[in-house]
Amino acid sequence: MEGNRLTITQQSFTKPKTIIMNYFVKKTWLVLFSCMFFMLACHKEMSTKSIKTQDEDVAVKSDEAHGHLKQTKTYSSDVVKKWLALQVPLLYSPPTPYGVNPGRFMAYCGVAVYESVVPGMPAYQSLYGQLNQMPEMPKTEPGKAYHWPTCVNAALAEMTRKLFTFTPATNAAVQQLENELNSKYEAEIGDAATFERSKMFGKAVAEKIFNWSTSDRPWTSWPAYTLTHHEQGYWWPENNNPVIPNGIAYWGQTRTMVQGSIDDVISQPYDYSENASSPYYKDYKEVYDISRSLTAAQKRQAKYYDDPAVNGWPAGSSYISVFKQIIEQLNPSLDITAVAYAKTGMSLMDATIGSFKGKFTYLKERPFQFIRRVIEPSNDPATWWKPFIPTPPYPDFPANHATFSGAFAYALTSIFGENVHFTNSTYAGHMVTIDGSSVDLGSYSYDSFYEYAHAIAISRVYGGIHTRRAVEEGTFQGMKTAENIDRKIKFLKQ
C-alpha cells in the first residue's frame with residue numbers, strides 16, 4: 001500500500017466484504033472506497049462515455065413540419081439546475097418537519113424528469129415495468145416535435161408543488177419559476193403547438209408519478225410506535241419517552257422504488273458485552289476516547305454534516321443540495337442529468353428505507369447510553385458524558401448518514417466515474433461556535449464521491465453519536481442497496 005492507495009489483487013473481487021471490514025478496523029477509510037471503485041469498474045453498465053457512445057449510434061428522426069426532432073442530449077441541464085436551486089432553499093430549516101422524506105422527494109422528482117425526456121433519448125427506455133408498481137407513462141405523439149426543457153419544467157413544477165407542501169413558500173416560488181421558464185421556452189421554440197404539446201406531456205408524466213407516490217405508504221401514514229425493550233444494549237430515547245411519534249419507526253416498511261433493492265443488505269451488529277476485550281465494548285470505547293481529544297478540524301467536520309433541523313438541511317435534504325452542486329460543476333447534458341437524478345434519487349430513497357428497517361429491527365443503543373452506564377458511569381446528570389453533536393431520536397445501527405452517503409456515492413460513481421473532483425459548499429457562510437470561537441463552516445473539496453461519503457461517515461463518530469461499526473456497516477449497506485438498483489434497473493435498451 002502506498003499512502004492511502006490500495007494495491008488491488010484478485011482477492012479484492014472475491015472477498016470484498018472481508019476486505020472492507022479489515023480496512024475500517026485499520027482506520028484506512030479511503031482504501032474502502034478505492035476498492036469499491038475497482039469493483040464498480042468491473043460491473044457498471046452505465047458510464048457517461050458508454051451512454052453517449054450508444055446514444056450517438058441512433059439516428060435522429062425527421063419531422064416534415066419542424067425539421068429534425070432534437071434529442072434530449074442536445075440540451076443543457078439548466079432547467080434541472082434552476083429547479084434544484086428553487087427546492088434547496090425550501091428544504092432549509094423547514095417551518096413544518098418533513099421527516100425523512102428528502103430521499104423520497106428526490107426519487108419521485110428524478111423519475112419524473114427522466115420519464116419526461118426519455119422519448120428524446122433513443123437508446124433509452126422507460127422505467128415502467130421495472131420500478132415497484134410504477135404505472136405506464138403517457139406517450140408522445142409519433143413524428144411530432146417536443147422541446148424537452150419545457151417538458152422538464154412542467155414536470156418539476158407539478159412535482160415540487162405537490163411534494164413540497166411543508167412550507168407556504170412553495171406555491172408562489174413554483175409559479176414564478178414555472179412562468180419565467182415557460183416565457184423563455186415559448187419564445188425559444190417559436191411554435192405554439194410544440195410548446196403546448198411539450199408542456200402538457202411533462203405535466204401528464206408528473207401527474208402519473210405523483211399519483212404513484214401516494215401509494216407507497218410513507219412514514220406519516222403510520223401510527224406511533226411504543227418501545228418495549230428497556231434492558232441493556234437496547235436503544236432508549238434520551239428524553240425517557242418510549243412513545244416514538246409520527247410513525248418514523250415504520251419507515252422501513254415503505255414501498256421501495258426498486259423491488260428487492262434492500263434484500264440481504266443489512267449486516268449484524270456486534271453482540272452485547274461489557275467485557276473490555278469484546279468488539280462491542282471496544283466499539284463504544286473508541287467513541288469515548290475520540291471525544292476526549294477532538295481536534296478543531298474534527299469538530300468542524302462533525303458540525304458540517306450534523307444537518308440540524310433548525311438552521312440546516314435535516315434528514316438527508318443536504319444530499320439534494322450536494323447533487324445540485326455536482327450538476328452545476330460537472331455540467332452534464334440534459335440526458336445524463338436525467339439519468340443521474342433518477343438513479344441517485346432512487347438509491348437515496350431505498351437506502352433510507354433500508355436504514356430504518358435495520359434500526360428498528362436491532363434497536364441498538366446509542367453511544368451515550370453505554371458510555372454513561374458502563375465506561376463513565378455517574379448518577380449526577382450534570383456530569384454525564386455528552387456527544388459533541390445532538391443524538392438523533394432513533395437507534396444507532398446502522399448509521400443513517402453513512403447508509404445514505406454510501407448509496408449516493410455509488411449511484412453517482414456509476415454515472416460519472418471514480419475520479420471526480422467537486423466541492424461541497426452547502427454550509428459555506430454558516431457560522432458555528434467551536435471552542436469558544438465563531439467559525440465559518442466553509443466548503444470541502446473531494447476527488448471522488450466515495451471520499452465524500454467517507455467524510456460523512458467518520459463525522460458521525462467524531463460527533464459522538466455513532467459507533468464505527470454502525471458507520472462502516474451503514475456505508476456498506478448503502479453501497480449494496482445502490483448496487484442492487486444498478487443491477488436490476490436497465491436505463492439503456494437491450
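The values are calculated or read from the model by the stated rules, or taken from the named source; none is laboratory data. No experiment lies behind these values; they were computed from the predicted model shown. Heads up, the Cβs are rebuilt from the backbone with ideal geometry, glycines too, and the neighbour counts pull from every protein chain shown.
Tell me whether segment 419-430 contains one or more residues that are touching a Leu at 6+ places or on another chain (Cβ under 6 Å) and buried (at least 17 other Cβ atoms within 10 Å of the Cβ). Yes: segment 419-430 contains one or more residues that are touching a Leu at 6+ places or on another chain (Cβ under 6 Å) and buried (at least 17 other Cβ atoms within 10 Å of the Cβ). Residues in segment 469-493 that are within 24 Å of TYR272 (Cα to Cα) and either of a type in the set (A, V, I, L, M) or in contact with a strand residue (DSSP E or B) (Cβ under 6 Å, 6 or more places away or on another chain) (or both): how many? The qualifying residues number 2. Against the list (1) assigned to a helix (DSSP H, G or I); (2) over 25 Å from MET349 (Cβ atoms), the condition PRO387 fails is (1). No other residue among TRP212, TRP251, TRP222 is surrounded by 18 or more Cβ atoms within 10 Å (Cβ to Cβ), within 27 Å of the chain's Cα centre (by Cα) and within 16 Å of LYS359 (Cβ to Cβ) apart from TRP251.
Scanning segment 77-133 for residues that are hydrophobic (A, V, I, L, M, F, W, C), outside any helix (DSSP H, G or I), touching a Ser or Thr at 6+ places or on another chain (Cβ under 6 Å) and at pLDDT 95 or above yields one hit, MET121. Filtering segment 243-271 down to residues that are of a type in the set (Gly, Ala, Ser) and part of a loop (DSSP other than H, G, I, E, B), which residue is nearest to TYR394 (Cα to Cα)? Only one residue fits best here, namely SER267.
Among the residues of segment 184-215, the ones that are out of contact with any Cys (no Cβ under 9 Å at 6 or more places or on another chain) and either closer than 20 Å to THR361 by Cβ or of a type in the set (Val, Ile, Thr) (or both) come to 3 in all.
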